[in-house]
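Presented below is the structure to which this report refers.
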């Protein structure tokens, strides 16, 4: 799980929040149950080949609605192969 999280994080541009298909499924339930969908800007980004993982992973961007106009150059990172090493850091979001 940490490996998958690291690869999803590597696919994101600075300040961008991307979630995997399984994380998006859980997040969708939260948004529907709590009627919070209007607080977020959701954009399907597409399938990515993530380093060290078989197959492609469909990623979705999830930002607070206040940041909906922010743009990212994620399309150029369709093959996320960034290796951040031991100095890398990860962001975990809990709703």
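The values are calculated or read from the model by the stated rules, or taken from the named source; none is laboratory data. In this text the structure is predicted, and so the values were computed from the model without any measurement. Glycine gets a Cβ as well: all are built from the backbone with ideal geometry, and neighbour counts include every protein chain shown.
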**Prompt:** If only one of 27, 59 is at pLDDT 90 or above and outside any loop (DSSP other than H, G, I, E, B), which one is it?
**Reply:** 59
**Asked** Only one of (1) in contact (Cβ under 8 Å) with a residue 40 or more places away in the chain; (2) exposed (fewer than 12 other Cβ atoms within 10 Å of the Cβ); (3) farther than 23 Å from residue 73 by Cα is not met by residue 15, so which one is it?
**Response** (3)
**Fill in**
Scanning the range 35-60 residue by residue, the ones that are over 12 Å from the mean Cα position of the chain (by Cα) and either free of Cβ contacts under 8 Å to residues at least 40 places away in the same chain or closer than 21 Å to residue 70 by Cα (or both) total 11
**Request:** Please verify whether the range 48-62 includes one or more residues that are surrounded by fewer than 17 Cβ atoms within 10 Å (Cβ to Cβ) and at positive phi.
**Result:** yes
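Would you check which residues across the range 37-52 are within 15 Å of residue 19 (Cβ to Cβ) and modelled with pLDDT under 85 and list them? It would help to see each step written out before you state the result.
The initial filter retains those residues of the range 37-52 that are within 15 Å of residue 19 (Cβ to Cβ), namely 37, 40-48, 50.
Scanning the range 37-52 gives a single hit, 37.
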**Asked** Residues in the range 31-44: is at least one touching a helix residue (DSSP H, G or I) at 6+ places or on another chain (Cβ under 9 Å), within 10 Å of residue 62 (Cβ to Cβ) and in a helix (DSSP H, G or I)?
**Response** yes
